[in-house]
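Contents: one structure, followed by commentary.
The values are calculated or read from the model by the stated rules, or taken from the named source; none is laboratory data. Worth saying up front: this structure is predicted, and the values here are computed from it rather than measured. Here the Cβ positions follow ideal geometry from the backbone for every residue, glycine too, while neighbour counts run over all protein chains shown.
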Amino acid sequence: MKGRTAAVVMAVLLALYLVLVGWRAVQFMLTGDPIAVAMGVALIVLPVLGAWALWREIDFGIRSQQVVRRLDDEGGIDLGLPVSPSGRIERDAADGAFERFRADVEAEPESWRAWLRLGLVYDAAGDRRRARRAVRRAIELERAER
């Protein structure tokens with residue numbers, strides 16, 4: 001829940017920023033001075049890129065929660081790995097079990113469930129980049145299955 005609240009706060013702050021910077025950008029462009037016009041264009045383009053990046057992150061979060069929830073509803077979220085008192089998978093256990101989950105993906109490359117489990121193990125092992133890639137693949141496969 002903490003992550004969702006942070007995402008909403010960031011989206012609201014970004015919207016406020018876009019309004020304020022957009023107004024300043026219009027003021028720069030109305031001057032007619034070439035340098036001011038270039039600054040105005042930059043003030044519009046850069047926040048739009050930021051908004052796009054924020055949307056991608058929010059969309060990834062929503063979709064990944066949906067596939068995790070679906071797998072949990074099916075009873076397949078239990079990875080059989082020990083968890084800490086906080087509920088997180090223990091990192092050493094994730095490192096040791098990684099090969100088993102990678103073999104599952106190699107055996108069933110079109111299984112979104114296998115890709116999601118692999119992503120969860122990557123995340124528990126601390127490899128966020130590969131975790132995100134595996135979860136994105138799981139999202140694509142799950143969407144295609146529906």
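In table form, for the structure just shown:
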quantity: Every pair of residues 6+ apart whose Cβ atoms lie under 6 Å, when the first sits in region 118-132 and is in contact (Cβ under 8 Å) with a residue 12 or more places away in the chain while the second is crowded, with 16+ Cβ neighbours inside 10 Å and hydroxyl-bearing (Ser, Thr, Tyr); calculated: Ala131/Tyr122
quantity: Set Arg102, Arg91: member being of a type outside the set (Gly, Ala, Ser), more than 29 Å from Ala11 (Cα to Cα), at pLDDT below 80 and surrounded by 11 or more Cβ atoms within 10 Å (Cβ to Cβ); calculated: Arg91
quantity: Members of region 28-74 that are of a type in the set (Asp, Glu), over 15 Å from the mean Cα position of the chain (by Cα) and assigned to a helix (DSSP H, G or I); calculated: Asp72, Asp73
quantity: Residue check for Arg100: among the basic types (Lys, Arg) and not assigned by TED's automatic domain parsing to the domain that holds Ala134; calculated: no
quantity: Odd one out for Leu81 among (1) out of contact with any strand residue (DSSP E or B) (no Cβ under 7 Å at 6 or more places or on another chain); (2) within 16 Å of Leu118 (Cα to Cα); (3) of a type in the set (A, V, I, L, M); calculated: (1)
quantity: Extreme residue, farthest from Val135 (Cα to Cα), among residues of region 61-88 that are touching a Leu at 6+ places or on another chain (Cβ under 8 Å) and at pLDDT below 75; calculated: Leu79
quantity: Selected residue [among the β-branched types (Val, Ile, Thr), touching a helix residue (DSSP H, G or I) at 6+ places or on another chain (Cβ under 6 Å) and outside any helix (DSSP H, G or I)] from Ile77, Ile139; calculated: Ile77
quantity: Residues (in a helix (DSSP H, G or I) and either on the phi > 0 side of the Ramachandran plot or crowded, with 21+ Cβ neighbours inside 10 Å (or both)) located in region 126-136; calculated: Ala134, Val135
